[in-house]
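Here is the structure we will look at, set down as structure tokens.
The values are calculated or read from the model by the stated rules, or taken from the named source; none is laboratory data. No experiment lies behind these values; they were computed from the predicted model shown. Positions of Cβ are backbone-derived with ideal geometry, glycine not excepted, and every protein chain shown enters the neighbour counts.
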Amino acid sequence: MDLMLAVRLSRLEVPMTIYCGVDFHARVQTVSYCDSQHGEIHTLDLHHQTDDLLSFYSQFKGEVVVRLEAGGYSPWFEQTLEELGHEAWLGVPQFNVNGTDLLVEPLTVLVLKL
């Protein structure tokens, strides 16, 4: 491979996997997400009635993995993720020794599962 071709290939933006951990409740979800290209972790609350969930999850391009607890309120959300082409990983709620929901820090649990 010549040097110029190698330089051009090194400048190509390759979409990286986006990982989201979601603490899902009936009216709100806490989302932690990490773009593996930049390594930054962001956390925010999305309210199902007032926030535009579709716009939020549509911003992610490439492979997107969303990990959330399996629950009775989540089937509509799982379907939305599938329609966007995102992968939903469902898990059993997990608690630490103090009984606190580990998904309060949802990305931590997702990374530990990987």
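What the table below lists for this structure:
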| read-out | value |
| --- | --- |
| Given (1) crowded, with 16+ Cβ neighbours inside 10 Å; (2) without any contact (Cβ under 8 Å) to a residue 24 or more places away in the chain, index of the condition SER74 fails | (2) |
| Residue, nearest to THR30 (Cα to Cα), within the range 77-96, restricted to residues that are hydrophobic (A, V, I, L, M, F, W, C) and surrounded by 11 or more Cβ atoms within 10 Å (Cβ to Cβ) | PHE77 |
| Matching residues in the range 55-78 - criterion: being of a type in the set (Phe, Trp, Tyr), in a helix (DSSP H, G or I) and under 14 Å from TYR33 (Cα atoms) | PHE56, TYR57 |
| Residue that is nearest to the chain's Cα centre (by Cα), among those in the range 32-78 that are of a type in the set (D, E, K, R) and under 18 Å from GLY91 (Cβ atoms) | ARG67 |
| Selection from the range 26-54 of residues that are outside any strand (DSSP E or B) and in contact with a His (Cβ under 6 Å, 6 or more places away or on another chain) | ARG27 |
| Those residues of the range 3-53 which are loosely packed, with under 14 Cβ neighbours inside 10 Å, of a type in the set (A, V, I, L, M, F, W, C) and modelled with pLDDT of 90 or more, in sequence order | LEU44 |
